[in-house]
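Asker: Have a look at this one before I ask anything.
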Amino acid sequence: MKIGILALQGDFAEHRIMLKNLGVETAEVRLPEQLKGLDGLIIPGGESTTIGKLAAAFNLIKPLRKFGQRHAIWGTCAGAIFLSKDVSHKQPLLKLMDIKVARNAFGRQLDSFEIYLDISNLNRAAGKDDPYHAIFIRAPIIKSVSGDTKILASIPDGRIVAAQQGHFLATSFHPELTNDSRFHEYFLSLVD
Ligand code: GLN
C-alpha cells in the first residue's frame with residue numbers, strides 16, 4: 001500500500017512521519033502524474049484557500065476528483081474544507097464529500113484548543129475506544145452532512161468534527177500532531 005500526501009502547503013511532513021511509523025509507504029504529491037500508483041491520499045491542514053489556489057495552478061483539481069472516484073481521501077482541517085462540497089466562501093474545492101463546512105468556526109478567542117473526543121464510532125480499526133486527544137487550530141466545523149455521510153465525532157455542544165462518507169474521511173482537527181495513530185489507522189482501513 002502506498003499513500004500520497006498532498007504537499008502543496010501545510011503540515012504534510014507530520015502525516016508522512018505518522019504513516020512511516022505505521023510502516024506505510026508514502027509519497028508527496030505536487031503534480032497530477034504523482035497520483036499514479038497511489039492507493040489513497042491525505043490532504044493536510046494548512047490554509048484551504050492557498051491549497052485550493054495552488055491545486056488549481058498545478059492543474060490538480062480534475063485529477064484529484066478523478067482519483068477520489070476510486071480511492072480513499074482524508075482531509076484534515078484545511079484538507080477537510082478542500083474536500084467538502086460547500087464552504088459558503090468563494091474558493092476552489094474538490095466538492096467530493098457531502099459535508100457543509102464553516103471555516104474558522106471558533107472565533108478568535110478560541111482559535112486553537114484541545115479537547116478529548118468520544119470516538120467510539122470509529123473503533124473498527126482502532127480496537128479501543130479511549131477518549132481521543134484532539135488538537136484544533138483555527139479549525140473549521142462540519143455544519144451538516146448529507147447523503148450517506150456518517151458522523152464520527154462531535155464536540156460536547158453537538159457540533160460535528162469528524163465524518164466519513166464511503167472512502168472519504170474529514171476531520172476538523174489534527175491527528176498528525178499527536179502520538180495517537182487511531183485516525184491514521186482508521187483511514188488506512190478505508191483504503192482498498
Ligand atoms: N483556518 C484554515 C482554513 O480556513 C484551516 C486551519 C488549519 O488547517 N489548521 O483553511
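Asker: Just subtract the alpha-carbon distance of Leu31 and Lys100 from 0.36 nm times their residue separation and send over the number in nm, one decimal.
Answerer: 22.1 nm
Asker: What residue among Val87, Val145, Val24 shows peak mean-square fluctuation when the chain is described by a Gaussian network model with Cα springs under 10 Å?
Answerer: Among Val87, Val145, Val24, the largest mean-square fluctuation in the Gaussian network model of the chain belongs to Val24.
Asker: Just the number, please: percent antiparallel of the DSSP beta bridges in the chain, rounded to the nearest 5.
Answerer: Of those bridges, close to 50 percent are antiparallel.
Asker: Let me ask another. Please identify, among Leu83, Leu60, Leu41, the residue showing maximal mean-square fluctuation in a Gaussian network model of the chain using a 10 angstrom Cα cutoff.
Answerer: Leu60
Asker: For every other residue with a beta carbon closer than 11 angstrom to the beta carbon of Leu19, add +1 if it is Lys or Arg and -1 if Asp or Glu, then tell me the sum.
Answerer: -1
Asker: Counting other Cβ atoms within 10 Å, keep those with at most 13, restrict to DSSP loop, and tell me which trypsin sites (Lys or Arg not before Pro) in the range 35-137 are left.
Answerer: Those that pass, being in a loop and sparsely packed, are Lys36, Lys90, Arg108, Lys128.
Asker: How much length is gained if the chain between Tyr116 and Asp157 is pulled fully straight, taking 0.36 nm per residue apart and subtracting their Cα-Cα distance, in nm to one decimal?
Answerer: Answer, rounded to one decimal: 13.5 nm.
Asker: Ok, one more. In the range 1-100, what chymotrypsin sites (Phe, Trp or Tyr not before Pro) fall in a loop by DSSP, with at most 16 other Cβ atoms inside 10 Å?
Answerer: Phe58
Asker: Bin by bin, in steps of 10 Å, what percent of the Cα pairs in the range 74-190 do you find, going until the bin that has the longest distance?
Answerer: Histogram of Cα-Cα distances, whole percents per bin: 15, 51, 31, 3, 0.
Asker: I would also like to ask the following. Lysines within cross-link reach of Lys20: Cα-Cα under 24 Å, excluding same-chain residues under 8 positions apart?
Answerer: Lys2, Lys36, Lys128
Asker: Continuing with the same structure: How far, in nm, would the chain grow between His89 and Ser189 when pulled straight, counting 0.36 nm per residue and subtracting the alpha carbon separation?
Answerer: Value of the extension gain: 32.8 nm.
Asker: Calculated from DSSP H runs of 4 or more alone, at -39500 (n - 2.57) each and per residue, what is the 222 nm mean residue ellipticity of the chain, nearest 500?
Answerer: -7000 deg cm²/dmol
Asker: Now a separate question. Residues of the range 76-106 with backbone nitrogen within less than 17 Å of a virtual label 7 Å along the Cα-to-Cβ line of Ala57, please, listed as ranges.
Answerer: Counting backbone N atoms under 17 Å from the label point, the list is 91-93.
Asker: Under 19 Å Cα-Cα from Lys53, which lysines qualify once same-chain neighbours fewer than 8 residues away are excluded?
Answerer: Qualifying lysines at Cα under 19 Å: Lys62, Lys66, Lys85, Lys90, Lys95.
Asker: Okay, next question. Using the C-alpha atoms of the range 1-118, what convex hull volume per residue, in cubic angstrom, is computed?
Answerer: Here the figure is 121 Å³ per residue.
Every read-out reported here was derived from the displayed coordinates using simple, explicitly stated rules and does not represent laboratory data. Computed from a prediction, not measured in an experiment: that's the story for all the values here. Virtual Cβ from ideal backbone geometry, glycine too; neighbours counted across all protein chains shown.
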